[in-house]
Every structure is written in C-alpha cells, then in structure tokens.
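Take a look at the structure below.
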Amino acid sequence: MKINVTINNEKKELEIAPDDILLDVLRRYGYHSVRRGCDTGMCGICTVLLDGKPVPSCSIFAARVDGHEITTIEGLPEAKELAKILAEEGADQCGFCSPGLIVNTVYLKKLKIKKIEEVKIKLIGNLCRCTGYVGQHRAIEKFLGVEK
Amino acid sequence: MIKFKEYIKPKTIEDAYNLLTTKNAEIIGGGAFLRLSNRKIDVAIDLIDANLNFTKETNDSVEIGSMVVISEFEENPVLSKLYNGFLKNVSETVLSFQMRNIITVGGTLYPKYGFSDLITALLVLPTEVYLYKSGKFSVEDFLKIRLEHKDILEKIVIKKENLKTSFQYIRNSEYDFSILNVAVSKGNEVKIAVGGRPAVAQLAYKTMQFLHGKDLNEEIIKEAAKMVSEEIPFADDIKASKEYRKKVCEALVKRALLEVM
Amino acid sequence: MKEVTRKIPKKDALGLLLGKPVYTDDLAPKNSLIVKILRSPHAFAKIKNIDTLEATNIEGIECILTYKDVPRIPVTRAGQGYPEPSPHDWYILDEYVRYVGDEVAIVAGKDEKCVDEALKKIKVEYEVFEPVLDFEKAEGHSSVIHPEKETHPMFEIGFDAQKNIAASYEMEIGSVEEELKKCDVVVSERFYTQAQAHVAFEPHSAASYIDMQGRLVILTSTQVPFHVRRIIAEAFDIPIKNIRVIKPRIGGGFGGKQAVHGEPFVAAVTLKTGKPAKIVYTRQEVFEATYSRHPMRYDITLGATKDGKLKVIDMQGLSDTGAYGEHALTTFMVAGSKTLPMYNKVDAVRFKGKVVYTNKVPAGAYRGYGAIQGNFALESAIDILAEKLGMDPTEFRRKNMIREGETSPIFKIMGEGREGVDMVVRSCKLNECLEEGMKLINWKEKFPRKKISETKYRGIGLAIAMQGSGIANIDMGAAILKLNDDGSFNLLVGATDLGTGSDTILAQIAAEVLNVPTEDIIVYSSDTDLTPFDVGAYASSTTYVSGNAVKRAAEKMKKLIIKEGALKLRLDESKVDFDGKYIYETNGNKKVSLKELATVLLYTENQKQLISDASYVGEESPPPFMAGFAEVEVDVETGKVKLINYVAVVDCGVTINPNLAKIQVEGGLVQGIGMTLFEDVKYSPNGKLLTNNLMHYKIPSRIDIGNIIVKFVESYEPTGPFGAKSVAEIGIDTPPAAIANAIYNAVGVRIKTLPITPEKILMNLNKK
C-alpha cells in the first residue's frame, strides 16, 4: 500500500506492506541514522519524532504514520549544537545510540526542563553501553541549561 | 512478529467494532506489545482516527478516551494535576518516555497486564471503564470479568473526590517493570491495591474491611500491612520469588498507608 | 607534551553523532542476499535427518546449507594470536548441536520475508541427549559434549574432552599447606559470578562479496580483522591471500566481537552463490548465539598473621565455557594473573582449576577477561579477612599491596595461555589512588556505616584492581606513515577502533612525535589489504602496543624528513632539525617548510614517496591500577540497594586524551556496576536462555548509577608511548567487590553470588 508521510519537512510517498514496521521502512528509504538496537522497544536507538514527539520507531507500524510527520536527526538543526558539545566532552564513543539520544534531548529543550532528575526520567529510554552516561550528562546539562 | 494483510483506520468506533467482529482482526493500541506476538491475522485496526483521543474535564470528573497516550498524564495540564499529580508520578515510572508516547490508556487496561503500574493506581481511584458493546464497569469489576465477545474500550471516567493517595513500588533497575507495586487511597474509605504479583492488580478486600471505620495509626497500619501480604496471592516469575513479593508487599503497604495517614 | 594530552574530540565524532551511515548494515552491498540461521531448539542433540527441499523451493530462496554442504574443519571462533590457546572445537555447521541456539542451517534469499518463511519449512529430526546444564556437574558427566575426534587443542592446555574439560591450569609458589599452618587467621570462602552479556548496541553484522579479482571480501563488525581473515581461510581451506577483511565503524564490542560470529555464514553463502550476502543478528541472537562472560566459581583461602600481614593466598576455580571453548584457558588464567600480583608479599600462593564445557550459551572474551571475576572473589575475601583481623580494609591494602619498583613471581609464571614475562612494576601509583579515593569518598567519616533512618543504612567499601597492557611477547601491532604534498600524513594502522577513539589517540601520538597538529594526521585502520598487521582491540593493547608502533613509525618519519630536508638545504644532516613546520639550520638561517619539501619530493626534485613503518611487540605488560570505592544505601525492608557515590581513582600512566581516557573508565565502571547489581542470567530447565532480551536482561539505566567520580593519578611508564599504559579494561574490575563490601558494611549481609539483587539481600537479612 502507499502512504504519504512528511519526513524532515519533505513530503514523501512510500510503498509499504501493511504490516511493515516504521523503523524498517525508514531505513529502506535511506534514513540510516535510525537503527535497530534491541527488537523490544527498550533501547531508544530507533527514536524519531512523530508529530514532534519522541517515539520508538521499532514499535510503530508504518501504516500508522500515513498523513503524519516524522523527524529524524537530519531534520533537526539544533542537533549540530548538541553534537558539538557531546564531542567536546568526549562523551561519544561508538555513536550507535547517539542519533536517538540527540533526537530525544532536542525535544526536551522545547519543554524547557531545568531539573536534572526530570531530564534523566525523560531520557531513561535512551540506553548507552559505551559511555556510562556520565559524560553524556555533562554535555546534556550544558545544552539544556540545567540548574546545578 | 505479528503479521497481517490490511491496516485500517476506521473513522468511528462503530466501524471499528464491525470490523473487529466480522473479520479475523485485532485492535492495535500503541502496538508496543502486540507487535511481539507471532500471530497471523487479516486486519489490524488502528483507532487513531476514531475520535478516542479526547480528554474532557467536568466539575466532578475527568473523561479520558482510550486512545490517549499515557505520557499525557505527565504533559496534559488537566491530567497531570489530577489527584495532585498521582497519576503523573505513576506514569513517569512506566518504561520510557518514548514508549509512553505510544502506549494508550486502552492498550494498558484492556489486556489487563500484570506488570502494569497504572492499573494498580486506577484501582484505588473512582474509575469507570466504558466498553463499546458491553457497557460501563467499575475498574475492579472490569478486571474480574471474562468477556464472551471481543469488545472495544472507549473511555475511562475518573471521578473527582477528596482523596489522599500513595504509590509504592519495588524494582531492581529503575528502568524495568515493577517486581511489585502498591497503590493506596484514603477518603471515607481506605482502598489498597497490589499489582505485579506477577498477576494483574487486585484490591485487598479483607484488609479494607478491617480498616473500615478505624482511624489510621502506626499500629493499625502495621497490622493492616501484614494482613494484605497474607490476603493477596503471589507467585514466582523470572524477576522474583513468591516469598520475596510477600515480604516486600508488607513493607510497601505500610509505607503507602503511612503516607496517607 | 602537547598533542597527546589534548582533549581533542574524536576524529569521527561529528559524523557518528549526526548519524552517518557507516556501520556494516549501512555499507553492505545493496543487493546482498539476506542470510539467517536456523537454530537448535535443543541443548544437546544430533541431527538425524534434515530436509530442506520444501524450503529451498520457496520463491526468492538462493541457497540453504546444512552440515553436509560446508567443509568440516575444526577451528576456534576466538580471535587470538596463532596458534590459539583455545581448543579447535567449532565447525561452520555440525551434525551435533550443543546449546539452544546452535547453528543448524544457513538460509539465504532475496529478502527477509522469504527467508523467514523458509526457516519455518526446514524439517529437522533430532536425537536428543541429556544436556549438561550445571557446570559443577559437568566434569565426568555421562553426556560428552565434544565426542568428535577432530576437535583438538593447538598445544597442551589441559584439554580432556571425554571429561568435558576444555582446559585446566595449576601453579603454586611456595607451599600453601605449610604456610597456612603458620597463620594466625584463616578465611575460606566460595564465590560465584554470572554470564554477563556485552549488549553492544550494534548487533553482530557481517557482509561478504566476491570482488572483481575473484577474492572474498568481508565487511564485518569485528574487533579482530586479521584473525577473522585467518580463521575464515582455515575454516574454508582457502588461501589467506584470497580474502580481504574490512572493519567499518562498529557500534561497540567490549570483547563480544573478539571472535568470528556471522562471517562464516555469509562467506559460505557468497562462496556458494557468487553473490553478496549479509547477516544482521537480532538482539535475541546476540544474547543466545554469540557469547557472554565465563561464569566462574572461586574458593579462596587466605591466611595472615595477626600483625595484618597476608601470608597465603589459595585460589581454586571452576569456569563454565559453555558449548564451545573460546577464550577458555586464557580468561581463567587472567582471573589469577591479574589479581594475585596485587598482593606480592605473600609466602605462598596457589592458583588452580578447570574450565568445563556445558550445553549452555558459549562463553568468551569480555572486558576484564577473568580479572573481574577473580577480583570479586579475592577482594571480597580480603575484606572478610581484614574484619577478622580487626583491621580497617584500607589499612590492610596499604600494608600488603604491590608498590612501584616491586615485582611478583606471578608475572613470570602466569601469562595468557602460556608462561608470562618477568617484570618489575616500573609505574605504580596504587598507593596514591588509595589515599586519594579515601579522601574523595570521605572514608574516615563514613566507614563502616551510617544509619539514615529506621529502614535505611549507608555503608562504604572498596576494592583495588590491576589489569595489563597487551600480552607480552605475543601481541604485535604495526603502523605505516606516509607524507602528502601539503605536509599532512596518512597513518595506516591495523589497530581496531570500536568507537573507543583509538584512531584519534594514535594520531595524537604520531602528531606528538612529529610536532604537527593531530588534525594533520589522517587515519585509516583495520583493512587487511591496506593496513599493516595488528592483533586487534583486546587485552588493552591498543594504546600501549599499537601506540608504541605508531610512535616508532613517527620517529622514523621524522628522521626521513630531516634527511631529505638536509639534502634540499645542501647541509649536513647533523646541522639540521625539524620543528613540525620547518626543516631548519640549527645555527643559521636556512630553512624549508615541510609543505614545500613535501611538494618538491612528489613532483620536482629528488622525487620519492616518504614512507616509514614500525612494528612493536611488548616485552612487558605494565599493569594499570585502580582503587574503587562504593557508597551504598540499603533499604532493610525491601533489600533494594541504591548506589549513592562511586569514586574511582586510576593510574593508567600518562593519560592520552584525558577526555577519552575518562570515558573509558566511566563506561567500564557502569558495566561493572551492571554485573554487580542488575544483570541477571536465567535459564529454563531445558537449557534455554530466558533472559534473552532487554526486557528481562537489565543493563544500568541513567537513574541506576548514582554519582560517579573518576580521577586519575598519573604515573610515568617508561616503556609506554609517552608514559602511557592502558585504560580500556581497568575501569570494570572494582565494582563487584567494592559494592559487596559496602553492602556488608552497611547491613552485615555478605552476598557471594552475582548479581546482588534486592531479593538476595532481603532473604539474607531475614535470616539474621
């Protein structure tokens, strides 16, 4: 079946099977920053914005998003700023979890969350195995202007 | 992974119901868990366009459509303040923010998942569940009935009362299902619910009866907590043993009751 | 030192952070056949009959391979130097299946849909045997897991397949029995550790194709490209020269990719069909069918005199290597070789034990590599001993631990799989790490416990640890530098960047020697055709071994530049020097810029391509050291442990790129914390791994880790590049014992099996 989705502000027509998962469709259409990390919706590596809100693209059927908007890291201009701060902290390692984390964190900037405990709750679903989170939070606190 | 041949977004709950009962079909709620099953069906029904995404506040109640995602308990101005943020606090402990943006109220309640924290919390609030065909039920009745036919959860209605509330849980990692959870509310009566047993949440009727008409003090609370741990049935599962759940239940009920004392 | 101490972002940082498609699945040829594996539902069985006819006829299926269709040549999957210390007990496909998840058939088709369908249509008849599921009952069990005669070790490792023994080892210095008699205080305890899973977020992936010269090219998410090339050549009996292995960016490894995993299967399909093929493991397959950490059991006996001097250590262990023996002997030996030397003043020390096969998920390399298991046992036992002596645990360490300039006989006797190398510890600031850590955690005030409320108690505990820097006399790395016309350099290294940033720090080392900015060194790594040999990323070898090779190659390049520059300036070499920008007359005005010289050398005059190369093998393996301090809060009504603070003070020599060094420690710590408190492994009675997804297997989340503080105390390792040792593994070793000790100090409960769960604590509390 065909669906119409706006991806990173571009209107696109995609050919899908009714039971295709959004993550697979996005990768098939070249959005490789969205990745599969776990198959059970736990790791957050597949996070994209659906109508502006972070969702696990591995747990959504592509047909659901017909007529809706998807944003990946490529469609978020603020991503570069956060990426630079993460790089300067040395808070990046293998990079596999980074796009999903950045998408979710950029969304948090809109919410103007200032308390680190709240940030951690909202980011709990972005797992990382390389950095141990500590360096990421040094960078994220800078980016969000979190109160010390 | 679940497989199907058609994906349909009906515009009304009536259309959805017709599809559900005339075809080999299932309702896709958030899709989070149904996706993991190995079944083959013909039609996946997505209620996203069926006008079930509403939150209506009146003077004495709040109505929540079954397609409202549970992150709304954190972000929606009405829902996040309900019962002083009780449901917000509970919802924020559920899985991840991304998951809460797709898990729906209907998708949480209808399957009666044992691991659900929200069900435990709703059990101690004056909550009614509206099924499209079978009608209105209190949430505690809804959890007990076995439906003869498929149905669709349309909305829940939570009445506004003057209640003190508390929610306690135990997990190993914070990013996990609860090994056990406890919810308590106190108005004219005290309500105590225990979930993650691992089975779905239950009210502790005997203990609630025991507390009827009594004032809460530390001694009564201790006794009640012990009663709950003896009244509620527990079982082993991959996360914990029956014995552990029983012991921890007593501690959590005690803490919850102390909070609403 | 300028360049090596810069906190420069990784060269690939922005590309990775912004989601560039640079991993195996992104780079595999677009028309790759999709490869999936039919896996055994039984823990131990023999294939009586396998019928692939119906499956093969499904539209889109290109080939289905069973054990009858592939060469039967025993290899080890383990990525180690040749000849490997792991038994050659693995076959691409075999008639026997030895764990739930073992490979039964390889299916390749044009898309996932037809392959999934084909997998369901393969009919297999098994003869099912009684599986060996308890490693404490494996030796001599009636079920022999490797009865086949082709399976063999490469040299004597104590292998005895008939008894289900994959390897065994023993050594004794002095007489343990005699010296124990002289001790005033003796403790004897038993400890168990679990099969921790790596959970690197990029699942194992491999792709292969035949290039236009008819060679097999493999693109794979691996830590060991050169070992992969050799093992594939061996398994398929094709010449090494016909294989090229390329490692693109990879999404984490931690030891989980120090072996072949998917490569043999895609290679088999490509060799059969001539077509490109790709496999991407599901998360469940990564849990069930790659490998995880060796579960171990240790019986520790310690003897001391009442003045607090440790006199005897007896460490006897049993390790469970699962269905195949990858890394069996070596992880077992490291449990002793990288713990026992810390207490080098004993009169007698013994280390012995066996590694057994079971019909469970195979075990293999994982950061720490035995040291973390051994550390949990030894450092817990040390605390128990200290308490019996009435000594503060920090005082006990202070009195007995190894110091700079000292040695231990263990270094000579125990290497990895073989004898080790005698060495004096030239750099060791463990004592300063201990003092600094005590200050940071406020040991004097908080030891042993503080009551917070009726239901909550806080306690602190510590552990010290050591690791190594490469495997002495075995691990070799090489580097090539070449000069470009603009004065930049290409640095070609076999060394493998897993996301760790090794490409960057190796560039920093070269830049430091040449006095140029790191940005002028372009790194290309891990391609068996284009880069020189390197054993790969394991045993904490990259900074020390590969780094030394890079340093030497850069020193040679500097000499070449001076030589050519002198020629250009028509001066004697001795009158000329190079400062990174200019080759200049030391006592005069003549000079030429590097850029000008480089351009002239390529195009105009005396033309040549300046290239330098160097290899390095460590003659020693200088240990990094660490003191880890945990502060926990225990809820005595629920058993729940909250990690409040974790202080880690590390001596890894000079910290090259302090940001990246810090992140190695922080990342290692959180993995160690995961193994201690959260990562539980459960099997069904039939031997199926139940904790095979992230819903059940919990790695630490952001909210689970408390406040982590990492500090470095720098020493200077004279044999290391610019004084550096290693930092990759040391971070993971201390949490199990430090946290177990802290919990004991808080509430008097001593947990000796990992992970430490609230249930274990509460049940033990109630016993008291």
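Observations
- Spherically averaged projected area of the stretch B:131-175 from its Cα convex hull (nm²): 5.6 nm²
- Under the combined filter of DSSP loop state and at most 11 neighbouring Cβ atoms within 10 Å, the stretch C:534-572 retains these trypsin sites (Lys or Arg not before Pro): C:ARG570.
- 3J(HN,Hα) from dihedral phi, the stretch B:216-226, Karplus parametrisation 6.51/-1.76/1.60, rounded to Hz, x for glycine, proline: 7, 9, 4, 5, 4, 4, 4, 5, 5, 4, 5
- Sequentially through the stretch A:118-133, phi angles give Karplus couplings (6.51, -1.76, 1.60; θ = phi - 60°) of 5, 4, 5, 4, 6, 9, 4, x, 10, 7, 9, 10, 7, 8, x, 6 Hz, Gly and Pro residues having no value and appearing as x.
- Packing-based exposure ordering (other Cβ within 10 Å, fewest first) of B:MET261, C:MET333: B:MET261, C:MET333
- Two-decimal ratio, the protein assembly as shown, of alpha-carbon radius of gyration to 2.2 N^0.38 Å: 0.95
- Highest-MSF residue in chain A out of A:LEU22, A:LEU101, A:LEU14 [GNM, Cα springs under 10 Å]: A:LEU14
- Across every direction, the projection of the convex hull enclosing the Cα atoms of the stretch A:2-75 has a mean area of 4.2 nm².
- Both radii are taken from the alpha-carbon atoms of chain A; with Rh as the Kirkwood radius, Rg/Rh is 0.98.
- In nm, spacing of pseudo-spin labels at C:LYS581 and B:GLU259 (7 Å Cα→C-beta vector): 6.5 nm
- Other protein chain Cβ atoms within 10 Å, averaged over every residue that makes up C:660-673: 5
- Listed peptides C:578-584, B:218-224 by packing density, highest first (mean Cβ within 10 Å): C:578-584, B:218-224
- Sorting the segments C:375-387, C:444-456 by their mean number of nearby beta carbons within 10 angstrom, highest to lowest, gives C:375-387, C:444-456.
- At q = 0.12, 0.20, 0.21 Å⁻¹ the log10 of I(q)/I(0) for the stretch B:116-204 amounts to -0.40, -0.96, -1.02, computed by Debye summation with a single uniform scatterer per C-alpha, solvent ignored.
- Size descriptors for the stretch A:79-144, from the alpha-carbon set: Rg then Dmax equal 10.5, 29 Å.
- For C:LEU33, residues with placed amide H under 5 Å, excluding near neighbours: C:ALA277, C:LYS278
- Relative contact order for chain C: 15 percent, from Cα pairs under 8 Å spaced at least 6 residues apart, divided by residue count.
- Legend: mean number of C-beta atoms from other chains within 10 angstrom of residue C-beta atoms, peptide C:196-203, equals 5.
- Cleavage-rule hits, GluC sites (Glu not before Pro), the stretch C:623-661, DSSP coil, Cβ neighbours within 10 Å at most 11: none
- Coupling constants for the stretch C:52-57 follow from the phi torsions by the Karplus curve (6.51 cos²θ - 1.76 cosθ + 1.60, θ = phi - 60°), and in residue order they are 10, 4, 4, 5, 5, 7 Hz; glycine and proline get x.
- Two-decimal ratio, the stretch B:6-49, of alpha-carbon radius of gyration to 2.2 N^0.38 Å: 1.08
- For the stretch C:450-601, the spread of Cα positions along the three principal axes, ordered from largest to smallest, is 84, 37, 27 Å.
- Extension gain for C:THR273-C:TYR603 works out to 114.2 nm (0.36 nm per residue, less the C-alpha to C-alpha distance).
- As a rough footprinting exposure proxy, the listed residues C:ARG72, C:ARG398 were ranked by other beta carbons within 10 Å of their own, and the order from fewest upward is C:ARG72, C:ARG398.
- Normalised by the number of residues in the stretch B:6-49, the mean separation of alpha-carbon contacts (under 8 Å, six or more apart) gives a relative contact order of 58 percent.
- Convex hull volume of the Cα atoms of the stretch B:164-260, normalised per residue: 84 Å³.
- Long-range HN-HN contacts of C:ILE522 with modeled amide H, under 5 Å: C:PHE489, C:ASN490, C:LEU491
- When both bridge partners sit in chain A, DSSP labels roughly 85% of those beta bridges antiparallel.
- If you model the stretch B:1-136 as an ellipsoid using its alpha carbon gyration tensor, with each semi-axis the square root of five times an eigenvalue, the axes come out at 26, 17, 13 Å, biggest first.
- The spacing between the stretch C:147-189 and the stretch C:369-436, judged by their C-alpha centroids, is 21 Å.
- For chain C, the percent of C-alpha pairs falling in each 10 Å distance bin, counted from 0 to the bin holding the largest distance, reads 3, 14, 23, 24, 19, 11, 5, 1, 0.
- What the Cα atoms of the stretch C:581-695 give is an Rg and a Dmax of 27.7, 83 Å.
- Pair B:ASP42, C:ASP613: separation of 7 Å Cα→Cβ label points (nm): 6.9 nm
- Length-normalised contact order for the stretch B:55-159 - Cα pairs under 8 Å, 6+ apart - percent: 30 percent
- Gaussian network model of chain A, Cα within-10 Å springs - most flexible of A:ASP24, A:ASP39, A:ASP51: A:ASP39
- The H on the amide N of C:GLU62, modeled in the peptide plane, is under 5 Å from the matching H of C:ALA108, C:GLY109, C:LYS110, each at least 5 residues off or on a different chain.
- Average beta-carbon neighbours from other chains, 10 Å sphere, peptide C:700-711: 6
- R0 of 56 Å, Cβ-Cβ distance B:HIS212-C:ASP134: FRET efficiency to nearest 0.05: 0.60
- Cubic angstrom per residue, convex hull over Cα atoms of chain B: 127 Å³
- Per residue, the convex hull spanned by the alpha carbons of the stretch C:99-177 comes to 192 Å³.
- Sorted ascending by nearby beta carbons within 10 Å, beginning with the fewest, C:SER540, B:SER134 become B:SER134, C:SER540.
Quick note: the coordinates plus some simple rules give every number you see, no bench work behind them. Values in this document were obtained by computation on a predicted structure and should not be read as measured data. Because the Cβ atoms are built from the backbone with ideal geometry, glycine has one as well, and the counts that use them run over all protein chains shown.
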